[in-house]
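A quick write-up on the structure given underneath.
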Amino acid sequence: MSLKAFKRALWVYHLNTGSCNGCDIEILAVLTPRYDAERFGIKLVGSPRHADVLLVTGPVVKQMVPRVERIYEQTPDPKLVMVVGNCGTEGGVFYESYSLAGPIDQIIPVDVYVPGCPPRPEAIIHGVVMAWVKLEKLAKQEVA
Amino acid sequence: MIQEETKKATYTIPVGPIHPALKEPIRLALTVDGEEIVDVDVFVGQVHRGIEWLGMNRNNPIQSIYLAERICGICNICHPFSFVMAVEQATGITPPPRAEYIRTITAEMERIHSHLLWAGVAAHEIGFDTIFYLAWRVREEIMDLIEYVTGNRVTKAMFQIGGVRRDITEEQFPRIRQSLDYYKSIFAQLKKVFLDDITIRMRTRNVGILKREDALKLLTVGPSGRASGVPKDVRQDQPYAGYADLDIKAITPDIVTGTVVGDVYDRIIVRLLEVKQSIEIIEQCLEKMPPGPILAQPKTAVLLKTLTKAEGEGVGRAEAPRGEVVHYVRMEAGQSTLATWKVRAPTYVNLMAVPTILKGMQIADVPITFASLDPCMSCTNRVVITDRAAGRKSVMDYEELHRLSVEKTKEMQR
Amino acid sequence: MERLTPQAIIDSFSKELGDGFVSGSVYEREVAVKKNKFRSLWVEVKKSAFRNAVEHICRLQEYPHLAIISSSDLGAEVELIYHFTIYYGHHLEELSLGLRVKLPKSDLRIPTITDLIPGALFTERETQEMMGVEVVGIPDKRRLFLSEDFPEGAYPWRKDEKGPPSDILRILPGREQK
């Protein structure tokens, strides 16, 4: 499938793998009037089957591993995976627990990391922009 | 037997020490007869990160404050609050009065932000997105104030054993009052939107009733309990920090309507009035704020040494936006980590009320009823339906799904 | 219902339980500027008197609030503390009551109290899976938080050989286990 289809509105599916909600409420804040990411066509959808981007938070609790894999498989190609928050990036404060299987890049491939505990809404928007830049590069390669 | 069964594999809650909120994984199994729910089973553990174990095995008590903060991204004042109170009780450290007041102010700011967040989510659950956006826009004002006072929007890192890490100075008071005045000016409007709107009233009146007796038996706490007429509020009953100097009264819905129904509407009333109460508490705290230091022991290395030597146990109890948070801490001399750490978050007990409030409801009422306890089940569209009478499965039921996932995990481990 | 002072409550425990009563203490602390009292009670009972003690608390307060059961591994025994609150709903009158009971590791069993306080179910299930204390007569024996592939016979909060096996801890690349 062509990456060109990706250029317009990015639809995002939010997946919580055991996060504390700090990142999750900031993601919601990004979508609400103050930051209003919807003006760029970024929209939160209710099913991974509709999504272009997987927004993953949390350090991946063992119980969630099969579900994360399943949701990754359910998302149609081409897709991007964006990790929001420190614990998804490298375990954060929860590293060394008996209950974790993460970080996320040990389970599914990740394209963009947004560090911060939690990242500010501006940082999350910046992360989405970086994802776009990456896609544009990929699209150019595809053409060439 | 003509009976239909719905199994629902959805998303929400718990954490080692559990936590409620937005978009967290939880699983409910609903058994339905037609549209009516006849039984509910709650499965938790999808967010269990073993926080207490980390506090007992890896961190020293000061590091554990930051771990406590990350139990929940929404109640991240209340958890460190009750954690430091427990440690202070165990070690005999007394925080200076000014620190107690600053703690109170930040805790009330958190309550305002959390209740507004909930109001938005609740509106979203009944499909009223205009109000969702309205509530979240209004909420940004308190987020700005929190950032102004503590330096961060979400994880505030205000707490230290024996005090707070940041002062609130006289110069900051006008800015704080400005935000409070903003909320006071729009409060009447918010009240009208949430309590007089016919759509909200239709969807919430007589939905998800939790009777007073059930609330007492199932140990329901916080606004959910108070909406059922249980006037239990730690700030009133066993006041801690700055609350001990104020005369706080637990808010029950009969203040507005004259009766207690214990339904979702009553829970909206309680949370809305608590926003107003919080504003008043912050104002009183600003007025009465005593001068003095903000830390009992400003040198972290000395504090850490005291903590390592300390022996004892303590219980910290704080009223979080969702109810009572309890931390129990036991310390042993010569041990750098905590000997025992037990956390009880409000949703831990509130979840036990889920079967009671959902029974007899329709499937369409599940989101708002469940959200009214203030955990959040956002992924209601991920429902798996099985028809027991016909033996037909439209999607896989959980057991099958789980068996497959266990098999796959095992396969991948090879 | 008549409200007893903290000391009178401890005396009533000792009278009610007789030999089963081990010790009791009152903790008091002054809070903030007005120096109002923050009070909590600690009562230790023998295992044999445990049910009686909970029934006694139910007589002190109709529907006592059970916050949580905390459990500590003390080496030869496991200590359970049932954190109750009584006299709630009134300004400055609530009391925290920690009911302590010690179980030898050779006999880690405690009767359920879900018949007296239905809301004790979750915390009893958690104590069972995390500490390996068998709650006798619990209506729902399933695990609460741990996943089903967590090894049988290992309990995260134990500090002896039954603690979580070290091979399931998540040590990140480049970090050492503490």
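Quick one: which strands (runs of 3 or more DSSP E) lie wholly within the stretch C:1-104 and hold at least 3 residues that are out of contact with any Leu (no Cβ under 9 Å at 6 or more places or on another chain)?
Counting at least 3 such residues, we get C:21-31.
If A:GLN63 satisfies every condition in (1) more than 9 Å from chain B (Cβ to nearest Cβ); (2) over 14 Å from the mean Cα position of the chain (by Cα); (3) of a type outside the set (A, V, I, L, M) but one, which is the exception?
Condition (1) is where A:GLN63 drops out.
Count, please, the residues in the stretch A:34-57 that happen to be facing chain B (nearest Cβ under 9 Å) and either at pLDDT below 85 or within 18 Å of B:GLU125 (Cα to Cα) (or both).
2
If we keep just the residues of the stretch B:57-77 that are in a helix (DSSP H, G or I) and more than 7 Å from every other protein chain (Cβ to nearest Cβ), which is farthest from the chain's Cα centre (by Cα)?
Only one residue tops the list, namely B:ASN57.
Here is a yes/no grid of residues against (1) at pLDDT 70 or above; (2) part of a loop (DSSP other than H, G, I, E, B); (3) more than 13 Å from every other protein chain (Cβ to nearest Cβ); (4) closer than 24 Å to A:LEU31 by Cα:
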position: B:ALA9; (1), (2), (3), (4): no, yes, no, no
position: B:THR12; (1), (2), (3), (4): no, yes, no, yes
position: B:VAL42; (1), (2), (3), (4): yes, no, no, no
position: B:GLU88; (1), (2), (3), (4): yes, no, no, no
position: B:TYR101; (1), (2), (3), (4): yes, no, no, no
position: B:ARG111; (1), (2), (3), (4): yes, no, yes, yes
position: B:ALA119; (1), (2), (3), (4): yes, no, no, yes
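Okay, residues lined up against (1) at the interface with chain B (Cβ under 8 Å from one of its Cβ atoms); (2) touching a Gly at 6+ places or on another chain (Cβ under 6 Å); (3) under 29 Å from B:ARG235 (Cβ atoms); (4) at pLDDT 85 or above:
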| position | (1), (2), (3), (4) |
| --- | --- |
| C:SER71 | yes, no, yes, yes |
| C:TYR82 | no, no, yes, yes |
| C:SER147 | yes, no, no, no |
| C:GLY163 | no, no, no, no |
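Let's see how each residue does on (1) away from chain C (no Cβ under 14 Å); (2) over 20 Å from C:PHE145 (Cβ atoms); (3) in a loop (DSSP other than H, G, I, E, B):
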| position | (1), (2), (3) |
| --- | --- |
| B:LYS276 | yes, yes, no |
| B:VAL326 | no, no, no |
| B:ARG330 | no, yes, no |
| B:GLN335 | no, yes, yes |
| B:TRP341 | no, no, no |
| B:ASN350 | no, no, no |
| B:ASP365 | yes, yes, no |
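Which one of these does A:ALA29 not meet: (1) facing chain B (nearest Cβ under 10 Å); (2) buried (at least 24 other Cβ atoms within 10 Å of the Cβ); (3) under 17 Å from A:GLY127 (Cα atoms)?
(2)
Can we say A:GLN74 is surrounded by fewer than 17 Cβ atoms within 10 Å (Cβ to Cβ), polar (S, T, N, Q) and over 13 Å from the mean Cα position of the chain (by Cα)?
Details: surrounded by fewer than 17 Cβ atoms within 10 Å (Cβ to Cβ): yes; polar (S, T, N, Q): yes; over 13 Å from the mean Cα position of the chain (by Cα): yes.
When the stated conditions are applied, A:GLN74 passes them.
(1) over 12 Å from the mean Cα position of the chain (by Cα); (2) modelled with pLDDT of 85 or more; (3) on the phi > 0 side of the Ramachandran plot: which one isn't true of A:GLU96, the others all being true?
Condition (2) is where A:GLU96 drops out.
Table: residues versus (1) touching a residue at least 40 places away in the same chain (Cβ under 8 Å); (2) buried (at least 22 other Cβ atoms within 10 Å of the Cβ); (3) under 24 Å from B:ALA135 (Cα atoms).
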residue	(1), (2), (3)
B:GLN160	yes, yes, no
B:THR169	no, no, no
B:ARG177	yes, no, yes
B:GLN189	no, no, yes
B:VAL193	yes, no, yes
B:ASP196	no, no, yes
B:THR204	yes, yes, yes
B:ARG212	yes, no, no
B:LYS217	no, no, no
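Give the residues of the stretch C:42-69 that are without any contact (Cβ under 8 Å) to a residue 24 or more places away in the chain and surrounded by fewer than 18 Cβ atoms within 10 Å (Cβ to Cβ), sorted by residue number.
Correct list: C:ARG59 only.
Looking at (1) among the basic types (Lys, Arg); (2) within 19 Å of the chain's Cα centre (by Cα); (3) modelled with pLDDT under 90, can you tell me which one B:ARG271 breaks?
Just one mismatch for B:ARG271, condition (3).
Name the residue, out of B:PRO95, B:PRO80, that is modelled with pLDDT of 80 or more, surrounded by 24 or more Cβ atoms within 10 Å (Cβ to Cβ) and part of a helix (DSSP H, G or I). Lay out the reasoning, then the answer.
Values: B:PRO95 fails: part of a helix (DSSP H, G or I).
Sole residue among the options that is modelled with pLDDT of 80 or more, surrounded by 24 or more Cβ atoms within 10 Å (Cβ to Cβ) and part of a helix (DSSP H, G or I): B:PRO80.
Considering only the stretch B:148-178, state which residues are among the aromatic types (Phe, Trp, Tyr) and in contact with a Leu (Cβ under 7 Å, 6 or more places away or on another chain).
Within the stretch B:148-178, B:PHE173 is the sole residue that qualifies.
Of all the helices (runs of 4 or more DSSP H) wholly in the stretch B:219-263, which have at least 2 residues that are more than 8 Å from every other protein chain (Cβ to nearest Cβ) and closer than 18 Å to B:ALA320 by Cβ?
On the way: elements: B:222-227, B:234-237, B:254-257.
Because the criterion is at least 2 residues that are more than 8 Å from every other protein chain (Cβ to nearest Cβ) and closer than 18 Å to B:ALA320 by Cβ, the helices (runs of 4 or more DSSP H) in the stretch B:219-263 that meet it are B:222-227.
Among the residues that make up the stretch B:186-201, is at least one of them more than 14 Å from chain C (Cβ to nearest Cβ), under 30 Å from C:LYS34 (Cβ atoms) and in a helix (DSSP H, G or I)?
Yes: the stretch B:186-201 contains one or more residues that are more than 14 Å from chain C (Cβ to nearest Cβ), under 30 Å from C:LYS34 (Cβ atoms) and in a helix (DSSP H, G or I).
The values are calculated or read from the model by the stated rules, or taken from the named source; none is laboratory data. Nothing here was measured: the structure is a model prediction, and the numbers come from that model. Positions of Cβ are generated from backbone atoms using ideal geometry, with glycine treated the same way; all protein chains shown enter the neighbour counts.
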